[in-house]
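Enquirer: Following this message is one structure expressed as structure tokens.
No value in this document is a laboratory result; all are computed from the given coordinates. Not measured: the values here are computed from a predicted model. For neighbour counting, all protein chains shown are included, and Cβ atoms are generated from backbone atoms with ideal geometry for every residue, glycine included.
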Amino acid sequence: MKRLFLASNASNVAKNIAEELLPEKKSILFIKTASEVYGENPEWLEADRDALKSVGFDVFDYTFTNKNVNDIKQELKKREVIFISGGNTYYLLEKIQQSSVSKVIKSAVEAGMPYIGSSAGSVIAGPNIKPVGKLDGIDKAPHLKGFKALGLVDFVVYPHWGFEKYLDESIENMKENYVKDYKFILLTDYQYVRVEGDMYKIEKV
């Protein structure tokens, strides 16, 4: 049965996720690819990593960039959980396309490997990333071929909803990019979507 935990900000919900997975699932493959356009170790990436470590997970950094599908398969075999970080969703999808890893991730999750997403990592779990629109800069992914995402769930997560500073901008972005073919979940930084099989629930912390 597939199990996913899709957050806007993993550092805020790490404790809750740990209660679901530990001690059986401890070793995390921490995919930081989406963050690469923001430098070596942005503050929010460090916060997610530190939060996961502090609640008892063993965290192993990794990236899809310049890796082939066999490299990634071998890394997945070593770990028990896959985590995909926040950052630029378009850049992340471009690197997934270039490494041809989409089917490998989907097979692993459908076989029972828990998936944790934070921001872009939650968006990429859905069917398509185009509805997020201007949340990220598409210029960071000049070789992107389409917007089809991993398709692990049938809804689109719209992260960081509710920040007063960005609320007008977010509403305008939603108006411009709303696609009626998809279900949307507007997720604050203190919520996550817990998925078990075909069932899902929005949890608040």
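Enquirer: Go through region 189-204 residue by residue and turn each phi into a ³J(HN,Hα) via Karplus (6.51, -1.76, 1.60, θ = phi - 60°); whole Hz please, and just put x for glycine and proline.
Expert: 6, 10, 9, 8, 9, 9, 10, 9, x, 9, 9, 9, 9, 8, 9, 10
Enquirer: Mind ranking 85-92, 56-63, 194-201 by how tightly packed they are, going by the mean number of other C-beta atoms within 10 angstrom, highest first?
Expert: Going from most to least packed, we get 85-92, 56-63, 194-201.
Enquirer: On to the next question. Here are labelled values, [x] 19.2, 72; [y] 15.5, 44; [z] 16.2, 46, and one is the computed Rg and Dmax of the Cα atoms in Å for what I pasted. Which one?
Expert: [y]
Enquirer: Using Cα centres only, tell me the gap between region 14-34 and region 49-75 in whole Å.
Expert: Each part's Cα centre sits 10 Å from the other's.
Enquirer: Moving on to the next point. Would you work out which of GLY112, MET199, PHE30 lies farthest towards the positive end of the dipole of the chain? Charges go on Cβ: Lys and Arg +1, Asp and Glu -1.
Expert: In the chain, that residue is GLY112.
Enquirer: Let me ask another. Could you pull out the pairs from LYS32/LYS73; LYS103/LYS130; LYS77/LYS183 whose alpha carbons sit more than 24 Å apart here? Numbers along the way, then the final one.
Expert: On the way: LYS32/LYS73 16 Å; LYS103/LYS130 20 Å; LYS77/LYS183 32 Å.
Checking Cα-Cα distances, LYS77/LYS183 exceed 24 Å.
Enquirer: Among the DSSP beta bridges whose two residues both lie in region 1-148, what percent are antiparallel, rounded to the nearest 5?
Expert: 5
Enquirer: Note the full-extension length gain between VAL104 and LYS204 as 0.36 nm times their separation in residues minus their Cα-Cα distance, in nm to one decimal.
Expert: Separation in residues times 0.36 nm, less the Cα-Cα distance, equals 32.9 nm.
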